[in-house]
């Protein structure tokens, strides 16, 4: 039995997304300020309460030390990581007493302007990748193809994943693809991008911002919001993304160590998870994460996702806000939007049709095998 | 070579590698028609992409050796939406597992995309792109890989 995790003294009290749009028609700084203000307001706090900042933007490269100046130069702790690692980093800072209230916020606008090419964040430029016409869709396709070869995973399973996630987004008015129901057949009939991935197996491109506020459990008790508690977390890196070949034998289980550590801190298992806000850059990544995080056995992910199991009324609802496939993929904001989706789901802030009754524990993840990193955080409605 | 010392893009506009001090032996080998890879003199294992120390045993006894240039398709994808318009679609991106056991990213050429299969025997096919850069692409093997007589002749 491991000693009590310091994460268990930390709670998320604010979570907010700005408008997400293919082109937001708003400057990046305006989206970022909206994300910062919205997150603080959703926690029932004011900027005067914040003494820790992790603020970034994709194009203008705005950063935390600049943001500190916006608060008048009051001495603040600053974080440096992004997405789930930013949440874990802030949890460390709060549990160690370096900060009392941490605001994490990020935004992206006008990064994707040259539409003849794929989005800039999909195109690595190093000497062992770029010359082969490789980009993120092909990287993740190479992982998926090997799994299909080893285990007979079918395109129908990938299509079911994409359809299930996109169906959630279709019912979320805040999603880029709100109202756009997609059947598995629609996925299989959409144009091929990098086989086995069709267009509808792939993330959208978007602009937008996101913000999240964390504090101590003790401080959270005084706030007029429902805290969401940090049960555990893990960070896993296996090298630089998009340089070495994405070999299944070496990277196929990306995130297993992070997930095991998170579950160990929580004293829980995958069977305890009510909702899984998996990172979903491509449909197959869900099948892989189900296996990597040990929701099912090796090679069984393709069957696991069938028969409605991962749909909103299924045994394990996933990506309940519509995710990267339908809600948004906005530079780096989509990383933070995974724990935000978990918080909004657990607080009952998503539309009723997307709210999982009685959900108490949510897993959120970032990254994937094609990118050689995978992070996990477990969030719950009750203090562990 | 341009004034900046950078290799201009290939005539087709495909972005070409900019060799570093670390990777230069690999790219020089390709230019000379040899597929070079790092091998550790301490643990006998191969390292790719190029690194300053052995990624298996962390020794600094890496040396450049010649690969046989033959292997099998480990995984593959046919790209229909290229990252930039300079690439003509469809094209095949693959991970090849060389007979020595190391892996590299490459393009498969001289074969129909729909004919590509995992485990298909392939061999290096150097494609000269500029005075400085030759890319180590792969094509279906003419000769069967060592130690696997059953695929003999099965190279169509």
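Quick grid of which residues meet (1) at the interface with chain A (Cβ under 9 Å from one of its Cβ atoms); (2) within 25 Å of residue A:191 (Cα to Cα); (3) surrounded by 15 or more Cβ atoms within 10 Å (Cβ to Cβ):
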{"position": "B:47", "(1), (2), (3)": "no, no, yes"}
{"position": "B:71", "(1), (2), (3)": "no, no, yes"}
{"position": "B:76", "(1), (2), (3)": "yes, yes, yes"}
{"position": "B:80", "(1), (2), (3)": "yes, yes, yes"}
{"position": "B:119", "(1), (2), (3)": "yes, no, no"}
{"position": "B:123", "(1), (2), (3)": "no, no, yes"}
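Here residue A:295 meets the list (1) surrounded by fewer than 19 Cβ atoms within 10 Å (Cβ to Cβ); (2) under 22 Å from residue A:371 (Cβ atoms) almost entirely, failing just condition (1). Of the residues making up region B:106-135, those that are part of a loop (DSSP other than H, G, I, E, B) and touching a residue at least 60 places away in the same chain (Cβ under 8 Å) are B:129, B:130, B:131, B:132, B:133. Taken over region A:249-258, the residue count meeting the criterion of being surrounded by fewer than 21 Cβ atoms within 10 Å (Cβ to Cβ) and within 14 Å of chain B (Cβ to nearest Cβ) is 3.
Taking region A:299-338 as the range and being part of a helix (DSSP H, G or I), within 24 Å of residue A:248 (Cα to Cα) and out of contact with any strand residue (DSSP E or B) (no Cβ under 8 Å at 6 or more places or on another chain) as the test, the residues that pass are A:301, A:302, A:303, A:304, A:324. Kindly indicate whether residue A:200 is assigned to a helix (DSSP H, G or I), within 14 Å of chain B (Cβ to nearest Cβ) and within 22 Å of the chain's Cα centre (by Cα). Criteria met by residue A:200.
Within region A:89-128, the set of residues being touching a residue at least 12 places away in the same chain (Cβ under 8 Å) and within 14 Å of chain B (Cβ to nearest Cβ) comprises A:112, A:118, A:119, A:121, A:122, A:123, A:124, A:126, A:128. Among the residues of region A:148-171, those identified as touching a strand residue (DSSP E or B) at 6+ places or on another chain (Cβ under 9 Å) and farther than 19 Å from residue B:76 by Cα are A:159, A:161, A:162, A:164, A:165, A:168.
Against the criterion of being within 14 Å of another protein chain (Cβ to nearest Cβ) and under 30 Å from residue A:28 (Cβ atoms), residue A:214 does not qualify. Consider region B:88-102 and keep the residues that are surrounded by fewer than 23 Cβ atoms within 10 Å (Cβ to Cβ) and in contact with a helix residue (DSSP H, G or I) (Cβ under 9 Å, 6 or more places away or on another chain). The one that is nearest to the other protein chains (Cβ to nearest Cβ) is B:91.
Only one of the listed residues (A:86, A:41) is under 12 Å from residue A:212 (Cα atoms) and without any contact (Cβ under 8 Å) to a residue 40 or more places away in the chain. That residue is A:41.
Just a yes or no: is a residue in region A:184-194 in contact with a strand residue (DSSP E or B) (Cβ under 7 Å, 6 or more places away or on another chain), within 12 Å of another protein chain (Cβ to nearest Cβ), assigned to a loop (DSSP other than H, G, I, E, B) and surrounded by fewer than 21 Cβ atoms within 10 Å (Cβ to Cβ)? It would help to see each step written out before you state the result.
First, the residues of region A:184-194 that are in contact with a strand residue (DSSP E or B) (Cβ under 7 Å, 6 or more places away or on another chain): A:187-188, A:190-194.
When the remaining residues are screened for being within 12 Å of another protein chain (Cβ to nearest Cβ), the result is A:190-194.
If we keep only those that are assigned to a loop (DSSP other than H, G, I, E, B) as well, we get A:190-191.
Among the residues that remain, those that are also surrounded by fewer than 21 Cβ atoms within 10 Å (Cβ to Cβ) are: A:190-191.
Yes, the conditions are met somewhere in region A:184-194.
Readers should treat all values here as calculations from the given coordinates under stated rules, not as data from a laboratory. Just so it is clear, the model here is predicted, and its values are computed rather than measured. Methodologically, a virtual Cβ is constructed for each residue, glycine included, from the backbone with ideal geometry; neighbour enumeration extends over all protein chains shown.
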